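Report on the structure given below.
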Amino acid sequence: YKSGVLKYKQMGYWVPDYEVKDTDILAAFRITPQDGVDPEEAAAAVAGESSTATWTVVWTDRLTDCENYRAKAYRVDPIPGSDNQYMAYIAYDLDLFEEGSIANLTASIIGNVFGFKPLKALRLEDMRIPTAYLKTFQGPATGIIAERERLNCYGRPLLGATMKPKLGLSGRNYGRVVYEALKGGLDFTKDDENINSQPFMHWRDRYLYCMEGVNKAMAETGEIKGTYLNVTAATMEDMYERAEFAKQLGSVIIMIDLVIGYTAIQSMAKWARRNDMILHLHRAGHSTYTRQKSHGVSFRVIAKWMRMAGVDHIHAGTVVGKLEGDPNVIRGIYDTCREVNVPQKLEHGILFDQPWAGLKKMMPVASGGIHAGQMHQLLTYLGDDVVLQFGGGTIGHPGGIQAGAVANRVALECMVKARNEGIDIWNEGPDVLVKAAKWCQPLRAALDTWKDVTFD
Ligand code: CAP
Ligand code: MG
């Protein structure tokens, strides 16, 4: 794969003086060429293989508007401090893509190129989606503003919990956990990503017992509450059937897993908009391709695609929990979810300006190994428009599930109050919690139990 063998530059896929059009779709790829491969040639190869090219010139090119249809690699920057890595910028004409289809967009952009032999590794770091293309997508079915209105909950993060153990509970016991967690002060409970319709609890049983718990907790607390009923299933027919039943039972929210695929996600988002339902997305499976720093797809790109596809909630990282997440990268992902305009910010991994053209805001969800003792850090890193979800950190409380929920609600309320009074919660947060715990035994027990738990 010596440069001399590759002909993509010669075929017109390297255009360093290209003037980017407002309507172009832009992609930034981190490329690691094989030894001896010219980085510009490698960038041109990525542009070629992700748009019109094959490995050699074909006669039929000239039967098309090939000048326009060829993607253009227009810039290649060495990445400081890296081992032969470059950031390659590529522009794609709008006409290369079908309107409103993540499947079509991704079949080009991540279709073949990641296995291309001249590259050691390839990572899609960011994309700029032009307004003209964004407007062909629905965007979040509900959005943050309407979600808060439906829940009548303002001025603080929402609280949730994932049911544990992940597998094995019967419907009745599961419903009791939902009830206790909601009664204790959470806004939401949640099915785990791998809870569907197993022999120990079929989906109808789960939905019925969960909604019984939701309704009872709402009546007793006077607050609006929900439980993310996971409708993930083997086929669209099954998913629609489950979603319809959730609607009949009065659920405000349903859940899907990323593994169902982009087309199924878009279909469920359309269903959610038609039915005034909040749509929660668990990003099950994403780390298989988002985690490696030099190969795969960055989660900020997945978050962008999901906002276009139309989900309302998306798991987006915690910084402090059990799953990997750098504070700056997470900040960039949260901005991608919930800002109206996201300006370029290299230190957050945001490589392009991204105006969202009226697509609604998507609520990020922080979950994975978080507990009440981290409330000041969570609030500082993640802000207010977020669902803080404590699974083990509710259901593992020594005083029981309701006590776990109380601890989380009190920790959150006292931290929001302290912040609103101008207290520096980053430094004073632990004291704020200890003071509140004097009056709240469940919070005291939570702090004692998990005080030494960090995942660093
Ligand atoms: C959390 C969780 C979620 C992860 C997903 C779990 O449980 O249910 O699946 O948080 O990670 O099974 O680990 P805990 P992410 O609250 O008990 O840790 O949100 O980063 O995609
Ligand atoms: Mg889970």
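Values as computed for the structure displayed
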read-out: Residues located in the range 170-198, provided they are of a type in the set (S, T, N, Q), touching a strand residue (DSSP E or B) at 6+ places or on another chain (Cβ under 7 Å) and away from ligand 1 (no atom under 16 Å from the Cβ); value: Ser170
read-out: Matching residues in the range 78-131 - criterion: being polar (S, T, N, Q), outside any loop (DSSP other than H, G, I, E, B) and under 23 Å from Ser287 (Cα atoms); value: Asn104, Thr106, Ser108
read-out: Search result, residues across the range 124-169 that are within 16 Å of ligand 2 (Cβ to nearest atom) and in contact with a strand residue (DSSP E or B) (Cβ under 9 Å, 6 or more places away or on another chain); value: Gly160, Ala161, Thr162, Met163, Leu167, Gly168, Leu169
read-out: Output for the range 251-278, where each listed residue is within 16 Å of ligand 1 (Cβ to nearest atom) and closer than 17 Å to Cys337 by Cα; value: Leu258, Ile265
read-out: Trp439 without any contact (Cβ under 8 Å) to a residue 12 or more places away in the chain, of a type in the set (Phe, Trp, Tyr) and assigned by TED's automatic domain parsing to the domain that holds Pro364; value: yes
read-out: Check on Ala103, small (Gly, Ala, Ser), buried (at least 23 other Cβ atoms within 10 Å of the Cβ) and in contact (Cβ under 8 Å) with a residue 24 or more places away in the chain; value: no
read-out: Members of the range 131-141 found to be touching a helix residue (DSSP H, G or I) at 6+ places or on another chain (Cβ under 7 Å) and either closer than 30 Å to Glu49 by Cα or of a type in the set (Ser, Thr, Tyr) (or both), listed by number; value: Ala132, Tyr133, Leu134, Phe137, Gln138, Gly139
read-out: Among the residues listed as Met163, Met201, the single one being farther than 18 Å from Val365 by Cα and among the hydrophobic types (A, V, I, L, M, F, W, C); value: Met201
read-out: Evaluation of Gly115 against (1) modelled with pLDDT of 95 or more; (2) farther than 20 Å from Glu40 by Cβ (one fails), failing number; value: (1)
read-out: Inter-residue pairs, beta-carbon under 8 Å, first in a helix (DSSP H, G or I) and in the range 314-331, second of a type in the set (D, E, K, R) and more than 7 Å from ligand 1 (Cβ to nearest atom), 6+ apart; value: Asn328/Glu347; Val329/Arg300
read-out: Hits in the range 25-57 - residues which are over 15 Å from Lys120 (Cβ atoms) and either out of contact with any helix residue (DSSP H, G or I) (no Cβ under 7 Å at 6 or more places or on another chain) or not in a loop (DSSP other than H, G, I, E, B) (or both); value: Ile25, Leu26, Ala27, Ala28, Glu40, Ala44, Ala47, Gly48, Glu49, Thr54, Trp55, Thr56
read-out: Residues satisfying the stated conditions in the range 407-456, i.e. part of a helix (DSSP H, G or I), among the aromatic types (Phe, Trp, Tyr) and over 21 Å from Leu186 (Cβ atoms); value: Trp426
read-out: Only listed residue being within 16 Å of ligand 2 (Cβ to nearest atom), within 29 Å of Gly369 (Cβ to Cβ) and either not hydrophobic (A, V, I, L, M, F, W, C) or not assigned by TED's automatic domain parsing to the domain that holds Gly160 (or both), chosen from Thr232, Thr221; value: Thr232
read-out: Count of residues meeting criterion [in contact (Cβ under 8 Å) with a residue 40 or more places away in the chain and either in a loop (DSSP other than H, G, I, E, B) or of a type in the set (S, T, N, Q) (or both)] in the range 338-363; value: 12
read-out: Selection status of Gln389, more than 16 Å from ligand 1 (Cβ to nearest atom) and modelled with pLDDT of 95 or more; value: no
read-out: Extreme residue, nearest to Val432 (Cα to Cα), among residues of the range 367-381 that are away from ligand 2 (no atom under 13 Å from the Cβ), hydrophobic (A, V, I, L, M, F, W, C) and crowded, with 24+ Cβ neighbours inside 10 Å; value: Met375
read-out: Tally of residues being over 30 Å from Val410 (Cβ atoms) and either within 12 Å of ligand 2 (Cβ to nearest atom) or surrounded by fewer than 19 Cβ atoms within 10 Å (Cβ to Cβ) (or both) across the range 186-202; value: 6
read-out: Among (1) over 22 Å from Lys225 (Cβ atoms); (2) buried (at least 22 other Cβ atoms within 10 Å of the Cβ); (3) in contact (Cβ under 8 Å) with a residue 60 or more places away in the chain; (4) not polar (S, T, N, Q) - the single one Gly391 does not satisfy; value: (1)
read-out: Selection count where residues are within 16 Å of ligand 2 (Cβ to nearest atom), assigned to a helix (DSSP H, G or I) and of a type in the set (S, T, N, Q), scope the range 389-406; value: 1
read-out: Cross-chain or 6+ apart pairs with Cβ under 8 Å, the range 294-306 first and among the aliphatic types (A, V, I, L, M), then in a loop (DSSP other than H, G, I, E, B) and crowded, with 24+ Cβ neighbours inside 10 Å; value: Ala303/Ala316; Ala303/Met362; Met306/Met362
read-out: Count of residues meeting criterion [buried (at least 16 other Cβ atoms within 10 Å of the Cβ) and modelled with pLDDT of 90 or more] in the range 35-68; value: 15
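The values are calculated or read from the model by the stated rules, or taken from the named source; none is laboratory data. The model shown is predicted, which means the values in this text are computed figures rather than measured ones. Note that we place each Cβ from the backbone using ideal geometry, even for glycine, and neighbour counts take in every protein chain shown.
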